[in-house]
Amino acid sequence: MEKHCTDSRVKGVSTGTTILAAIFDGGVVIGSDSRASIGGEYVSSKTINKVIQVHDRIFCCIAGSLADAQAVIKAAKFHLSFHSVQMESPPQVIAAASVLKDLCYKNKDELQAGFLTAGWDKKNGPQVYVVSLGGMLISQQVTIGGSGSTFIYGYVDAKYKPNMTKAECLQFATNALALAMGRDNVSGGVAHLVVITEKGVEHVVVPGDKLPRFHDE
Amino acid sequence: MFEETGPERLSEEVKTGTTIIAIEFDGGVVLGSDSRVSAGASVVNRVMNKLSPLHDKIYCALSGSAADAQTIAEIVNYQLDVHSIEIGEDPQVRSAATLVRNISYKYKEELSAHLIVAGWDRRDGGQVFATLNGLLTRQPFAVGGSGSSYVYGFVDAEYRRGMRKEECQQFVVNTLTLAMNRDGSSGGVAYVVTIDGHGTEEKVVLGNQLPTFFDQ
């Protein structure tokens, strides 16, 4: 273990968090840990939900400053519902991601927040988008973020397969979050997962004692 | 006044920003490393072998400052030679690790290198020791270097006790590949050293022979 500063003191980016989104055959899973901490020394909340609904079938996870993220999401929800009324149909996932991207890009000097957006729409099915700190928008099949994500890049690269079943993808996401929470001291608590498919939305909460255990636990 | 700054590789410290790993199996150990040595944004050596012999059946894996790590390995190599003549037989892995730890701890303010020591001896079989910052701890497996952060999740999930030699070698190659793909300071080829009761085997896995993953 090198003295490897990947946390908020150096980059000012990640508020101790692990977030993840992955596409499976027919839907998408988006999830996060539940710890909010101050300076990595005090856990201010053990059960905060970092997966936020912005529309019926579109959810976001936040990384970075919680205050900035909440402000951006509030504005985005408004834009999205207005857009949906104008289009007379549910918004596309890329619309939600673009709204977030515009807000992040135009205010890049003041904001420090990045987002994962995941959802399902009729035109393109399940999708995952990443809006990074400066306002870049890219689409990926699987993506991770937050301070805890550095520890699971190898796991995700090795274990993610396109077109998994819903059960396989849920297991993959739970394992990845558990591994990150096991190594990152500012991620922890329970695993919040949301499964979005054409049929609807399902919340899964995996409490700490039900998280998978690995060889040294 | 205007100053001319020369090429970065002459002014930046040379680091083995690295991925190193050592694991124990029933009957021996497997060590692995990448081969990239960087000075700032330049790669000054893309084929460096970071697995350095301390004795016939004891190797160490180097990470951190290249100069510091190499110097520690050379000094311990000499001290182990003297020690093994004094006791009249092959040294224990724990002795080698202790010698490394003594240097790392005594000079911890001046040095910035982390060596993982692994090998086989008659008394305790295969052993892996971590010596980060001057501690000494025996572990079933150890990872180190800048690339190791990215594969903690993978090794936590995939390591099992009692793997066979070939499974261990494949596990080491997979881990190194995943780390090299994500860490800008790790790359090149993978060096793998296997040590057991019968001897020591060194192997190089070239870039195009490394495993690929779903997005490649």
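If you go through segment B:180-216 and keep only what is part of a loop (DSSP other than H, G, I, E, B), among the β-branched types (Val, Ile, Thr) and without any contact (Cβ under 8 Å) to a residue 60 or more places away in the chain, you end up with just B:Thr212. Within segment B:63-98, the set of residues being among the aliphatic types (A, V, I, L, M) and either closer than 14 Å to B:Pro53 by Cα or in contact (Cβ under 8 Å) with a residue 40 or more places away in the chain (or both) comprises B:Ala66, B:Ala67, B:Ala69, B:Ile72, B:Ala73, B:Ile75, B:Val76, B:Leu80, B:Val93, B:Ala96, B:Ala97.
When segment A:55-74 is filtered for residues that are without any contact (Cβ under 8 Å) to a residue 60 or more places away in the chain and either over 17 Å from A:Ile196 (Cα atoms) or of a type in the set (Val, Ile, Thr) (or both), the ones remaining, listed by number, are A:Ile62, A:Ser65, A:Leu66, A:Ala67, A:Asp68, A:Ala69, A:Gln70, A:Ala71, A:Val72, A:Ile73, A:Lys74. Here B:Tyr150, B:Tyr159 are screened, and the one residue that is touching a Phe, Trp or Tyr at 6+ places or on another chain (Cβ under 8 Å) and touching a residue at least 60 places away in the same chain (Cβ under 8 Å) is B:Tyr159.
Taking segment B:99-127 as the range and being of a type in the set (A, V, I, L, M, F, W, C) and either surrounded by fewer than 24 Cβ atoms within 10 Å (Cβ to Cβ) or without any contact (Cβ under 8 Å) to a residue 40 or more places away in the chain (or both) as the test, the residues that pass are B:Leu99, B:Ile103, B:Leu111.
Within this structure, A:Gly27 fails the test of being in contact with an Asp or Glu (Cβ under 9 Å, 6 or more places away or on another chain) and surrounded by fewer than 16 Cβ atoms within 10 Å (Cβ to Cβ). With respect to the conditions (1) buried (at least 18 other Cβ atoms within 10 Å of the Cβ); (2) out of contact with any helix residue (DSSP H, G or I) (no Cβ under 6 Å at 6 or more places or on another chain), B:Cys60 lacks only one, and its number is (2). Taking B:Ser149 as the residue in question, decide whether it is buried (at least 22 other Cβ atoms within 10 Å of the Cβ) and more than 11 Å from chain A (Cβ to nearest Cβ). Judged against the criteria, B:Ser149 is not a match.
Can you find a residue in segment A:65-75 that is surrounded by 17 or more Cβ atoms within 10 Å (Cβ to Cβ), acidic (Asp, Glu) and touching a strand residue (DSSP E or B) at 6+ places or on another chain (Cβ under 6 Å)? Yes - at least one qualifying residue is present in segment A:65-75.
Checked against the criterion of being away from every other protein chain (no Cβ under 14 Å) and not basic (Lys, Arg), the candidates A:Pro212, A:Pro162, A:Pro207 yield just one match: A:Pro207. Look at B:Val143 and say whether it is β-branched (Val, Ile, Thr), over 18 Å from B:Leu115 (Cβ atoms) and either within 11 Å of chain A (Cβ to nearest Cβ) or in contact (Cβ under 8 Å) with a residue 12 or more places away in the chain (or both). So B:Val143 fails the test. Do the conditions hold for A:Phe115, that is, is it modelled with pLDDT under 95, crowded, with 24+ Cβ neighbours inside 10 Å and away from every other protein chain (no Cβ under 14 Å)? For A:Phe115, the condition - modelled with pLDDT under 95, crowded, with 24+ Cβ neighbours inside 10 Å and away from every other protein chain (no Cβ under 14 Å) - is met. Selection of first residues in segment B:29-41 that are over 22 Å from B:Val172 (Cβ atoms) and of second residues that are of a type in the set (Lys, Arg) and not in a strand (DSSP E or B), restricted to Cβ pairs under 6 Å at least 6 apart or on distinct chains, gives the following pairs, ordered by first then second residue: B:Ala39/B:Arg9. The condition (being among the acidic types (Asp, Glu) and touching a helix residue (DSSP H, G or I) at 6+ places or on another chain (Cβ under 8 Å)) is satisfied by just one residue among A:Asp121, A:Asp102, A:Asp68, A:Asp109: A:Asp121. Scanning segment B:158-216 for residues that are of a type in the set (A, V, I, L, M, F, W, C), within 11 Å of chain A (Cβ to nearest Cβ) and in contact with a Leu (Cβ under 9 Å, 6 or more places away or on another chain) returns B:Leu176, B:Met180, B:Phe213.
With A:Lys46, A:Lys77 as the choices, which residue is among the charged types (D, E, K, R) and in contact (Cβ under 8 Å) with a residue 24 or more places away in the chain? On inspection, the qualifying residue turns out to be A:Lys46. Remark: A:Val156 matches the filter, which requires a residue to be crowded, with 22+ Cβ neighbours inside 10 Å, within 13 Å of chain B (Cβ to nearest Cβ) and touching a residue at least 40 places away in the same chain (Cβ under 8 Å). Which residue out of A:Leu211, A:Leu193, A:Leu177 is at pLDDT 95 or above and under 25 Å from A:Tyr42 (Cβ atoms)? Criteria check complete, one pass: A:Leu177.
The values are calculated or read from the model by the stated rules, or taken from the named source; none is laboratory data. What you are looking at is a predicted structure, and each value in this text was computed from that prediction instead of being measured. So basically every Cβ, Gly included, is an ideal-geometry build from the backbone, and we count neighbours across all protein chains shown.
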